[in-house]
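Everything on this sheet refers to the single structure shown next.
The values are calculated or read from the model by the stated rules, or taken from the named source; none is laboratory data. Since the model is a prediction, treat every value here as computed from it, not as a measurement. Cβ sites come from the backbone with ideal geometry, for glycine too, and all protein chains shown count toward neighbours.
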């Protein structure tokens with residue numbers, strides 16, 4: 001079972017274009033050696049580490065956690081598992097998802113309104129909110 005999740009971690013990591021070292025830097029308390037051992041099925045990572053790996057590689061947390069439990073779901077970067085189906089996600093969509101996950105609640109609401117085509121807010125209000133959220137994310141505010 002550890003080998004299966006190791007294969008999923010390796011695929012997600014390589015699909016995300018990350019080295020073991022780069023991925024390890026994104027996961028608290030995990031070294032590149034730990035990533036290597038996990039990929040070979042020689043080490044089991046904590047749930048917290050698996051969640052951070054999922055976030056860093058763009059796969060669903062459930063895909064890695066379910067694999068760790070033996071549920072048999074598949075994970076690969078750029079795909080999501082839902083009701084047994086997979087959806088290909090473009091690089092732009094992945095970036096939007098990453099930014100959305102980091103955004104505050106107001107920015108998320110504004111982004112959803114603009115993507116839904118809602119005219120409830122003026123475009124300048126939405127853009128302003130999105131810029132403020134991005135500045136907050138990068139500590140520029």
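Considered as a group, the residues in segment 109-136 that are under 16 Å from residue 98 (Cβ atoms) and either more than 24 Å from the chain's Cα centre (by Cα) or surrounded by 15 or more Cβ atoms within 10 Å (Cβ to Cβ) (or both) include one that is modelled with the highest pLDDT, and that residue is 111. Per the conditions (1) at positive phi; (2) at pLDDT below 90, the sole criterion not satisfied by residue 17 is (2).
Residues satisfying the criterion are absent from segment 48-64 (criterion: modelled with pLDDT of 80 or more, farther than 18 Å from residue 5 by Cβ, surrounded by fewer than 13 Cβ atoms within 10 Å (Cβ to Cβ) and out of contact with any strand residue (DSSP E or B) (no Cβ under 9 Å at 6 or more places or on another chain)). Restricting attention to segment 5-24, the residues being surrounded by 14 or more Cβ atoms within 10 Å (Cβ to Cβ) and more than 15 Å from the chain's Cα centre (by Cα) number 4.
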